[in-house]
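The next block holds one structure in the form of structure tokens; read it before the comments.
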Amino acid sequence: MKYETQRVALPFFMVAMALFALQIVFGLAAAAAYVWPHFMSEAMPFNITRTSHTNLLIVWLLIGFMGCTYYLMPEEAENEIYSPNLAYLQLAIFAIAGAGALISYQFGIHEGRHYLEQPLWSKILITISFLMFLFNTSLTMLKGRKTAINMVLMLGLWLAAVFWLFAFYNPDNLALDKLWWWWIVHIWVEGVWELIMASLLGYLLIKMTGVDREIIEKWLYVIVGLALFSGLLGTGHHYYWIGTPGYWQPIGSIFSTLEVIPFFAMVVFAFYMFWKGNRNHPNKAAMLWTMGSAAVAFFGAGVWGFMHTLSWINYYTHGTQITAAHGHLAFYGAYVMLVLGVITYAMPQLRRVQPYNQVLNMWAFWIMTSAMWFMTFTLTFAGVVQTHLQRVLGMNFMQIQDQLDLFYVFRFGTGIFVGLAAVMFIYAVFGPAREQVPATSKPLTATE
Ligand code: HEM
Ligand code: HEM
Ligand SMILES: [Fe+2]
């Protein structure tokens, strides 16, 4: 660790991991309700567990992104964080807003519109905290060195904040409500968050492969261009059936198909740099998460996204378990794995030790990733059966659910393995540092 204020990232990583664990607990509760329909139906109905699960996901990923930003910004900008105290205050406000929303949900208080259920006061606190974060990190960058990595990262974060503002606009007309709703839900994950993903990926690759910054930067600009070009009009793939004009069908189909390209470019980028660079970095676990993220994001977002993105296919699959399969693998690959990768990379340096507990960390990688894949296959099969029975044969939704029982049991089972792997991961990074890399490995230096 070269800069003292990189340490600001630590509490962000800790809070993020605590909320990640909680997200999985709620996921398991929601999955249990699919297997035993009366599971906690009085104490905590399905809509509440589901809302808590998806909200926690977004909140911990955002806190994770903030931690990643505070960690890399001093190194990239060659400048200490403008105000560490502002960072801690901002984290506290964000955590209070998130926890407050979570508690409200348990009492049935929410604003509807999934992902944006937070009560108004919570949305306002989230906005204030995020602006404090942007102020703090932007100033650090502006007073220091500007690189492609930190500029693309800040652009992604600023745009995320801009699009978040649409959360405050809630028209009564349902079609209009949905139209703007997707400007947050879609444009975040398939547009501006991709900039965050690409820059974090670029940062990890520069640090761990030793490939020249110029080469990484060129790739970064291409990926950013492709993501914004395809992602904005790609929103059209959510406009097929909500009462918007018919031209959205070709626009949505074409541009969302193009959305596969930046994800493909990112996986090629990662593997190309991996082969080109030296493969001796001692933090093998961080390298594994990095490559894994690029690969799984390509499958989850690119392949599983493309599967149902053309309007004449989506006509049948819309809102089925196929969507849930895609949602899980895409979020996991693109964002969860990458944040876990940065944490794995950063923690030994934050704790000033050599990379440690790598075997356990890599076991967590394999178990969690296999389980998420298995869950994706399970939900995909469930979705295919559901699409056929419901959309082709015209059977009733509830009748079909009984036929999907086996898939739901499997999904619950895979969820337990994801939970187990999460515990292993958290223990590996925050627990006692046992095993060290062999003495023959290259020692870590400050810039790594
Ligand atoms: C990391 C990137 C991505 C993430 C995290 C993601 C996540 C999601 C999630 C959570 C949903 C469900 C939204 C809801 O109804 O509540 C969804 C829907 C959808 N996604 Fe993605 N996605 C990503 C990229 C893509 C890409 C690249 C494509 C196309 C190639 C795509 C195609 C779709 C389609 C067509 C739907 C609507 C499904 C339906 O009609 O039910 N996604 N995505
Ligand atoms: C890190 C891993 C996970 C991520 C990124 C994740 C993400 C998501 C997302 C994006 C949705 C909304 C899907 C949609 O709107 O189509 C969702 C819903 C859900 N998740 Fe997860 N999840 C994860 C882990 C789990 C686990 C371990 C379980 C438990 C088995 C689980 C069970 C569920 C259930 C039951 C739903 C509701 C699906 C529905 O409404 O039909 N998730 N999750
Ligand atoms: Fe989308």
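What is segment 314-445's relative contact order, in percent, from Cα pairs under 8 angstrom and six or more apart in sequence?
Computed value for segment 314-445: 40 percent relative contact order.
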### Portion, in percent, of the accessible area of segment 56-150 that falls on carbon or sulfur, probe 1.4 Å
72 percent
### Query
Got a number for carbon plus sulfur as a percent of segment 296-351's accessible area, 1.4 Å probe?
74 percent
### Gap separating the Cα centres of segment 357-424 and segment 8-39, nearest whole Å
16 Å
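In terms of solvent-accessible area of protein heavy atoms at a 1.4 angstrom probe, what is the ranking of 342, 409, highest value first?
Values: 342 0, 409 70 Å².
Greatest to least solvent exposure: 409, 342.
Given a 1.4 angstrom probe, what's the average accessible area per residue across the chain, in square angstrom? Can you show the working numbers first?
Working: 18070 Å² over 448 residues.
Normalised by residue count, the accessible surface of the chain is 40 Å².
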### Query
Any idea what the dipole of the chain comes to, in debye rounded to 20, about its Cα centre with Lys/Arg Cβ at +1 and Asp/Glu Cβ at -1?
780 debye
#### Entry: Residue among 317, 77, 36 farthest towards the positive dipole end of the chain, charges placed on Cβ
77
### Query
If one takes the longest principal axis of the Cα atoms in the chain, at what angle in degrees, from 0 to 90 and to the nearest 10, does the Cα axis of helix 193-209 lie?
40 degrees
### Summary
Quick calc, segment 1-146, dipole around Cα centre from Cβ unit charges on Lys, Arg (+) and Asp, Glu (-), nearest 20 debye, gives 180 debye
### Summary
Label model pair residue 433, residue 92: point-to-point distance (7 angstrom along the Cα→beta-carbon line) in nm is 2.9 nm
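Kindly sort 20, 374, 407 by accessible area of their heavy atoms, largest first, with the probe set to 1.4 Å. Walk me through the numbers on the way to the answer.
Numbers: 20 10, 374 105, 407 45 Å².
The ordering from most to least exposed comes out as 374, 407, 20.
Going highest first, how would you order 54-64, 411-421 by mean Cβ packing within 10 Å? Walk me through the intermediate numbers first.
Working: 54-64: 23.7, 411-421: 18.6.
Final packing ranking: 54-64, 411-421.
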## Note on the structure
For the chain, one quarter of the surface area of the C-alpha convex hull, expressed in nm², comes to 20.2 nm²
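Suppose only helical runs count, i.e. DSSP H with n ≥ 4. What mean residue ellipticity at 222 nm does that imply for the chain under -39500 (n - 2.57) per run, divided by all residues and rounded to the nearest 500 deg cm²/dmol?
Working: 17 runs with 311 residues, N = 448.
That calculation yields -23500 deg cm²/dmol at 222 nm.
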### Message
Between residue 391 and residue 99, what is the label-point separation in nm under the 7 Å Cα-to-beta-carbon projection?
### Response
4.2 nm
### Task
Report the calculated FRET efficiency for residue 107 and residue 323 (r = Cβ-Cβ distance, R0 = 30 Å), to the nearest 0.05.
0.55
### Task
Please turn the phi angles of segment 73-84 into ³J(HN,Hα) values with the Karplus equation 6.51 cos²θ - 1.76 cosθ + 1.60 (θ = phi - 60°), one per residue in order, whole Hz, x for glycine and proline.
4, x, 5, 6, 7, 6, 7, 5, 4, 3, 9, x
## Note on the structure
Under a 1.4 Å probe, counting only protein heavy atoms, residue 253 has an accessible area in Å², nearest 10, of 10 Å²
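Using only alpha carbon pairs under 8 Å that are at least six residues apart, calculate the relative contact order of the chain and give it in whole percent.
Details: 654 pairs, mean separation 68.7, N = 448.
Value for the chain: 15 percent.
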### Message
Against the empirical 2.2 N^0.38 Å scaling, what ratio does the C-alpha Rg of segment 1-141 come to?
### Response
1.18
### Message
How charged is the neighbourhood of residue 148? Take every other residue with its Cβ under 13 Å from the Cβ of residue 148, and add Lys/Arg as +1 and Asp/Glu as -1.
### Response
0
### Query
Distance in nm between label sites at residue 264 and residue 306, each 7 Å beyond Cα in the beta-carbon direction?
0.5 nm
### Message
If DNA, RNA and ligands are ignored and the probe is 1.4 Å, what is the ranking of 132, 151, 66 by accessible area, most exposed first?
### Response
151, 132, 66
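The values are calculated or read from the model by the stated rules, or taken from the named source; none is laboratory data. Quick caveat: nothing in here was measured; it's all calculated off a predicted structure. Here Cβ is always computed from backbone atoms with ideal geometry, including for glycine, and neighbour counts include all displayed protein chains. SASA here: full protein model, heavy atoms, side chains in, ligands and nucleic acids out. Shrake-Rupley method; radii C 1.70, N 1.55, O 1.52, S 1.80 Å.
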